[in-house]
Amino acid sequence: MEQITVSSAALALRAEKPLTPAMVSALWEIAAVLDEDRVPANVPNAVWLTIPTTRLRGPEARPDNVWLRECLERMTGLKLTGQHRGDEWGAVLVAEWHITEGGSKARILIPPAGVHALRSPGNFVKIETTAAHRLPPHARRLYALLADRKRQREPYAQWSVDNLRGLLGVDDKRSYDVWAQLAKRVLTPAVEAINDYGTVRVTMTPVKSGRSVAAVRFDWQWKDPHEATETVAENERHSTARRKEQASNGAPPIIEDEEQADPALTWWGKLRNAEREEWADRVGRVLRTEGPGGKIFTAPRREADIARDAFAEHAERPK
């Protein structure tokens, strides 16, 4: 199971413009390479990094560099801000980049303040590479936060609602000031995605102060190595074949012919990862049903159902 090591300071980086999911994953990979090269947090000069483009694109990404070029272009001149020991600072994260060796390598120039932003002293979190690239945006940030606490050997984690909004990068969205919306749109889908794709079982418990929710507690049970290996193997399968039995070990992943002929799935397959995630947020990732006594049950929606709802809404838009 491959992992990347990222400074906890880089888990919740903020920029003047929103960071796309692909940019966050690429930044974490850059931070991991800085760690592997033992680059100190404070350097006098800019640092050139040479990184395989397949690593920056992540698992299941397009085999070409079309979206990686767009991602690097957006990151060039991207301004970060923060504070260090009471002093404010600002940094350009990527100063220059080149795709070399026939598209197989990326050379990226990180200025000193950018290095410091990605290597600030603190905890260094180990994150499964699959989770860092494939989980939805809110889920990957929450997963990284939990991995940080796991490294510190803590049995659970609890954050105030305000802090959690900041850590997940949604504190600028006023609709999430309402606990019900934060839980419905951000936290519940994130926990469900982690439990489905990750290597840990997570439960979430609201902590009330009076009648309002003041904090959220997360309890976890990290899977043993055998279970984790099975999870990684399952995640390697095609998205339409996951959680289904194989006819034989030598057969290709099960892909339902009738679904693949569906124009909605054809359209969905051509979208970028960031676009799929935006559509999933729009049409909803969770199915809610009412059981006996009015009890509400939730379950993750199938990707094919999300794709069809998104395609239907897309088709209704004015041309």
TODO: Within region 274-288, count every residue that is at pLDDT below 80 and open to solvent by 70 Å² or more (accessible area, probe 1.4 Å).
DONE: 2
- [ ] Specify the residue that is farthest from VAL207 (Cα to Cα); the eligible residues are those in region 169-189 that are in contact (Cβ under 8 Å) with a residue 40 or more places away in the chain and open to solvent by less than 80 Å² (accessible area, probe 1.4 Å).
- [x] GLY169
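Name the single residue that is modelled with the lowest pLDDT among those in region 168-196 being among the small types (Gly, Ala, Ser) and more than 18 Å from PRO300 (Cβ to Cβ). I'd like the intermediate steps shown before the answer.
Of region 168-196, the ones among the small types (Gly, Ala, Ser) are 169, 175, 180, 183, 190, 193.
Next, from what is left, pick out any that are more than 18 Å from PRO300 (Cβ to Cβ): 169, 175, 180.
Numbers: GLY169: 79, SER175: 85, ALA180: 90.
The extreme case among them is GLY169.
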- [ ] Give the residue, chosen from TRP159, TRP220, that is aromatic (Phe, Trp, Tyr), modelled with pLDDT of 85 or more and open to solvent by 30 Å² or more (accessible area, probe 1.4 Å).
- [x] TRP220
Task: Candidates ARG153, ARG134, ARG119, ARG140, filtered to the one that is open to solvent by 60 Å² or more (accessible area, probe 1.4 Å) and of a type outside the set (S, T, N, Q) - done: ARG153
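The values are calculated or read from the model by the stated rules, or taken from the named source; none is laboratory data. Everything quoted here is computed from the prediction, not taken from an experiment. Using ideal geometry, Cβ is built from the backbone for each residue, glycine included, and neighbour counts are taken over all protein chains shown. Areas reflect the complete protein model, heavy atoms only, side chains present, ligands, DNA and RNA absent. Shrake-Rupley method; radii C 1.70, N 1.55, O 1.52, S 1.80 Å.
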